1. Given the criteria open to solvent by 10 Å² or more (accessible area, probe 1.4 Å), within 16 Å of the ligand (Cβ to nearest atom) and not assigned by TED's automatic domain parsing to the domain that holds ILE82, does LYS241 qualify?
2. Identify the residue in region 58-98 that is under 30 Å from GLY203 (Cα atoms) and open to solvent by 50 Å² or more (accessible area, probe 1.4 Å) and, among all such residues, is farthest from the ligand (Cβ to nearest atom).
3. Please work out which one of (1) acidic (Asp, Glu); (2) open to solvent by less than 30 Å² (accessible area, probe 1.4 Å); (3) more than 11 Å from the ligand (Cβ to nearest atom) is the condition ASP189 fails and give its number.
4. Give the residues of region 100-112 that are in contact with a Lys or Arg (Cβ under 9 Å, 6 or more places away or on another chain) and open to solvent by 10 Å² or more (accessible area, probe 1.4 Å), sorted by residue number.
5. Based on what the data block shows, is LEU218 under 17 Å from the mean Cα position of the chain (by Cα) and either at pLDDT 95 or above or open to solvent by less than 30 Å² (accessible area, probe 1.4 Å) (or both)?
6. Only one of ALA259, ALA290, ALA270 is in contact with a strand residue (DSSP E or B) (Cβ under 7 Å, 6 or more places away or on another chain), open to solvent by less than 40 Å² (accessible area, probe 1.4 Å) and either of a type in the set (Lys, Arg) or closer than 23 Å to GLU121 by Cα (or both); which?
Amino acid sequence: MDRGLTLETVRVTESAAIAAAAARGRGDEQLAEQAAVNAMSDALSALKVRGRVVVGLGEEEAAPKLFVGETVGSGDGPEVDIALDPLDGHTLCAKNLPNSLAAIAVTESGGLLQAPDVYMEKIAIGPGYPADLVDLDMPPAEAIARLAKAKGVRPQDISACILDRPRHAALVEDVRTTGASIRLIGDGDVAGIIHTTEPQTTGIDIYLGTGGAPEGVLAAAALRCIGGQMCGRLILDTDEKRRLADEKGITDRNLIYKAADMAAGDVSFAATGITDGSLLPGVWLDPGAATTFSIATRSRTGTQRWVRAKHKLCG
Ligand code: VTB
């Protein structure tokens with residue numbers, strides 16, 4: 001794949017972020033989501049790929065644009081698989097709370113896990129630790145203890161990020177027994193997982209808990225490029241969910257996926273902040289102009305480009 005593609009993908013997330021930013025803080029999730037979807041869809045048509053959306057906004061009957069299986073891109077260039085989220089954290093954006101972002105991952109055809117729209121149990125840590133330091137089969141308290149030891153700090157110096165949901169009550173309780181601090185987030189676990197890659201900037205060492213499986217694939221793609229470890233396991237606790245998994249060709253329902261199982265090959269990842277966040281500032285909107293802050297990165301080289309762009313807005 002052409003390495004220029006990584007930078008081109010930034011245009012796609014920038015467009016979505018600028019559009020969503022206009023709807024920040026207006027209390028209207030649909031408005032923000034729709035703006036981001038339309039802008040990302042338009043921008044994707046200029047990307048020089050023959051792309052197939054593998055992780056998108058749902059199945060074709062449920063999502064008019066950016067649905068799973070949609071063919072996107074200009075139609076020339078490499079055949080690629082795409083995972084995308086024009087607005088991860090639409091409630092955050094509607095309430096103008098931190099850490100909503102637009103994200104996209106592109107890899108070789110066949111490289112992305114075809115995740116059904118179910119929940120996924122997730123655990124993620126940043127780069128620089130021994131392989132398999134944490135996994136989903138160990139109690140969360142043990143994961144925190146192992147991470148603290150490997151980092152050379154006390155468990156109470158570790159910060160965990162967890163989605164603020166009633167389903168996480170026991171998890172939160174377990175993590176609290178270690179003395180670790182917890183950042184409870186309202187939404188946006190793609191950002192939550194990416195935050196583990198730069199604990200000194202974000203204050204997050206480990207991500208734990210259950211969120212969307214599609215978001216899990218996108219986050220795995222980010223970690224493939226930026227570094228870090230992640231495990232994910234689909235939660236297939238009803239017949240309907242098992243049917244969805246069967247449809248995607250998933251044969252081992254209890255498999256623990258690592259980042260490279262979810263996003264294989266030469267992965268490019270880009271994300272642009274919508275609301276201000278711990279890693280990426282949000283869009284600055286000025287009369288006639290928008291300034292965006294993005295990261296563009298690629299697994300083959302691990303290079304991270306932090307891109308600040310000032311866009312002239314017409315109309
Ligand atoms: C997370 C989060 C998303 O969905 O995946 C979450 O990253 C999981 O679903 O931003 P629930 O909201 O049902 O817990 C989102 O919040 C998007 O809806």
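1. Yes: the conditions hold for LYS241.
2. ASN96
3. Only one criterion in (1) acidic (Asp, Glu); (2) open to solvent by less than 30 Å² (accessible area, probe 1.4 Å); (3) more than 11 Å from the ligand (Cβ to nearest atom) is unmet by ASP189, namely (3).
4. SER109
5. yes
6. ALA259
For every residue, the table says whether it meets (1) out of contact with any Lys or Arg (no Cβ under 6 Å at 6 or more places or on another chain); (2) among the hydrophobic types (A, V, I, L, M, F, W, C).
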{"site": "GLN114", "(1), (2)": "no, no"}
{"site": "TYR119", "(1), (2)": "yes, no"}
{"site": "ILE125", "(1), (2)": "yes, yes"}
{"site": "ARG154", "(1), (2)": "yes, no"}
{"site": "ALA169", "(1), (2)": "yes, yes"}
{"site": "ILE182", "(1), (2)": "yes, yes"}
{"site": "GLY186", "(1), (2)": "yes, no"}
{"site": "VAL190", "(1), (2)": "yes, yes"}
{"site": "ILE194", "(1), (2)": "yes, yes"}
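The values are calculated or read from the model by the stated rules, or taken from the named source; none is laboratory data. As the structure is a prediction and not an experimental result, all values here were calculated from the model. Because the Cβ atoms are built from the backbone with ideal geometry, glycine has one as well, and the counts that use them run over all protein chains shown. To get the accessible areas, we keep the full protein, side chains included, count just its heavy atoms, and leave off ligands, DNA and RNA. Shrake-Rupley method; radii C 1.70, N 1.55, O 1.52, S 1.80 Å.
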